[in-house]
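Report on one structure; see the data block that follows.
The values are calculated or read from the model by the stated rules, or taken from the named source; none is laboratory data. Keep in mind that what you see is a predicted model, and the values were worked out from it rather than measured. Because the Cβ atoms are built from the backbone with ideal geometry, glycine has one as well, and the counts that use them run over all protein chains shown. We work out accessible area using only protein heavy atoms, side chains counted, and drop any ligands, DNA or RNA first. Shrake-Rupley method; radii C 1.70, N 1.55, O 1.52, S 1.80 Å.
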Amino acid sequence: MPLLLGLLSLLVPGSAALEPISLSIAIGAASVLTGYLSYPSFYCGFVECCPGEAERPNTTALKEDLDNKLFGQHLAKDVILKAVTGFRNNPNPRKPLALSLHGWGGTGKNFVSQFIAKSIHKAGQKSKFVHLFIATLHFPHEHQITLYKDQLQTWIRGNVSACARSVFIFDEMDKLHPGLIDAIKPFLDYYEQIDGVSYRRAIFIFLSNAGGNLINKVALDFWRSGKDRKQIQLKDLEPVLSVAIFNNKNSGLWHSSLIDRNLIDYFVPFLPLEYKHLKMCIRAEIESGGKKINEAIVDEVASEMTFFPKDEKIYSDKGCKLVEQKLLYYWERL
């Protein structure tokens, strides 16, 4: 009734002086408006809401983003699409989805985390239900690990309580203090509830450069043996990658219980990018800026990048990371 009277005062200023019939009409109008506001679909048209049980991820948009904005990553495309789609379509997952993305900078890890977030929440990383942690920004001091662990648990507990479909992204895992990430182990485990809260519908994404050298070596071995990079399968990398990350002292997952207890569902390798993939990135960046593709400029920008190994010069050592900055020099010519 207080809400109804409040709406009435907004709808009809000076409503206290209305005649009985006019007052009845005004109350009826306010009642209708209150009814509309009680419908989630109406309310959520104006305010971001947590996706309900019946809502499914936008897998069409996810597939389009992976196909059109991620280059040279056949393994990541396949794993991510199947993992996210399968997880969200499962009415009763036994645990949260945990993905660990590995590879050198500029290969597309951050892009993919954004695509996943957008497929679950329309606002993507701008959503209040998507939470990004950057190791060097949010957890800079090693002597405060105990404090960070408490804060991290409190943050995750509070946000999953507010939205079961929360997405948590941990960037720079290779710079995270070892042992810190183990604070979230209970939330990734096979518990139906913890203190009345279920974490089974949340998604955790870890981004790391750790393991990049191993991935690059496998890709280079395939190239030197005359094999197409698309012949590389997940089984060629995932088992050795998980072991390498577990034993890497420069990784936030060093000797982590998340690996030891098999709580990370997929270790997703991002392969180094070849010259042709770099040109794809340049074309996509030009188009995203509303310009017409100029192949001469595409070649010029690509030729400014540096490649490895020193002799063969096959892979871009910074992936597509510098494409946007390099293009600024040529923008007036497009």
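Here are some notes:
- Of everything in segment 185-237 that is closer than 30 Å to G52 by Cα and of a type in the set (G, A, S), the residue that is surrounded by the most Cβ atoms within 10 Å (Cβ to Cβ) is A202.
- Given (1) open to solvent by less than 70 Å² (accessible area, probe 1.4 Å); (2) farther than 24 Å from A117 by Cα; (3) among the basic types (K, R); (4) not in a helix (DSSP H, G or I), index of the condition R283 fails: (4)
- Members of segment 153-184 found to be outside any helix (DSSP H, G or I), under 17 Å from the mean Cα position of the chain (by Cα) and either surrounded by fewer than 17 Cβ atoms within 10 Å (Cβ to Cβ) or not hydroxyl-bearing (S, T, Y) (or both), listed by number: C163, A164, R165, V167, F168, I169, F170, D171, E172
Each row is one residue, and each column tells you yes or no for (1) more than 11 Å from D171 (Cβ to Cβ); (2) β-branched (V, I, T); (3) in contact with a His (Cβ under 6 Å, 6 or more places away or on another chain).
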position	(1), (2), (3)
P91	yes, no, no
L97	yes, no, no
L101	no, no, no
G108	yes, no, no
S113	no, no, no
I116	yes, yes, no
K122	yes, no, no
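- Qualifying residue in segment 205-219 (condition: assigned to a loop (DSSP other than H, G, I, E, B) and either of a type in the set (A, V, I, L, M, F, W, C) or free of Cβ contacts under 8 Å to residues at least 40 places away in the same chain (or both)): yes
- Which listed residue, of L327, L322, L334, is under 30 Å from F222 (Cα atoms) and of a type in the set (A, V, I, L, M): L322
- Single residue of L147, L101 found to be part of a helix (DSSP H, G or I) and either of a type in the set (A, V, I, L, M) or open to solvent by less than 20 Å² (accessible area, probe 1.4 Å) (or both): L147
- Output for segment 258-283, where each listed residue is more than 25 Å from I232 (Cα to Cα) and within 22 Å of the chain's Cα centre (by Cα): L258
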